[in-house]
Amino acid sequence: MIHSVWFLAVEAAEEASGGLFDLDATLPLMAVQFVLLAVILNALFYKPLGKAIDERDGYIRSNKVDAAERLAKAEQIAKAYQQELAETRRQSQAVIATAQEEAQKLAAQSMAEAQQEAQAQREQVQRELDEQKHQALTSLEQQVDGLSRQILDKLLSSAS
């Protein structure tokens, strides 16, 4: 069909021998050829190219939407993790504060027990010292009495 149309166009061009603007069958024939060329180009090149461009555009849009959803989900997860981290920090600070209070209570209790034990030992030592002092005084009194008697006996025996 293309060959026959082309052939007709060539014949029409050969028959026409006019001026600058002859309005014979050449103009409509050129218009038909142009439309026919546009239809052929559209069918062979532009539709597949347009289809590929549309598919690519759809792919990009779907990836963009998917990426936006993933980003939103990642931001939500990050926010949840930050909240969980903050809560965990608060809990750990509370546990540390409780442990410090318990340690201070244990230290105070141990200190009080140590002071009581030291006081009890001091009192025990004081009692032992008092007892030893009393024994020493008693022993000294006995020795003084013995020595006094001996001195007295010697004085009396030397005086007699």
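The values are calculated or read from the model by the stated rules, or taken from the named source; none is laboratory data. Bear in mind the structure is a predicted one, so any value in this text is a computation, not a measurement.
A few notes on this one:
- Hey, residue 81 of a type in the set (Ser, Thr, Tyr) and more than 47 Å from the chain's Cα centre (by Cα) or not: no
- Condition check for residue 22: in a helix (DSSP H, G or I) and either over 60 Å from the mean Cα position of the chain (by Cα) or modelled with pLDDT of 85 or more (or both): no
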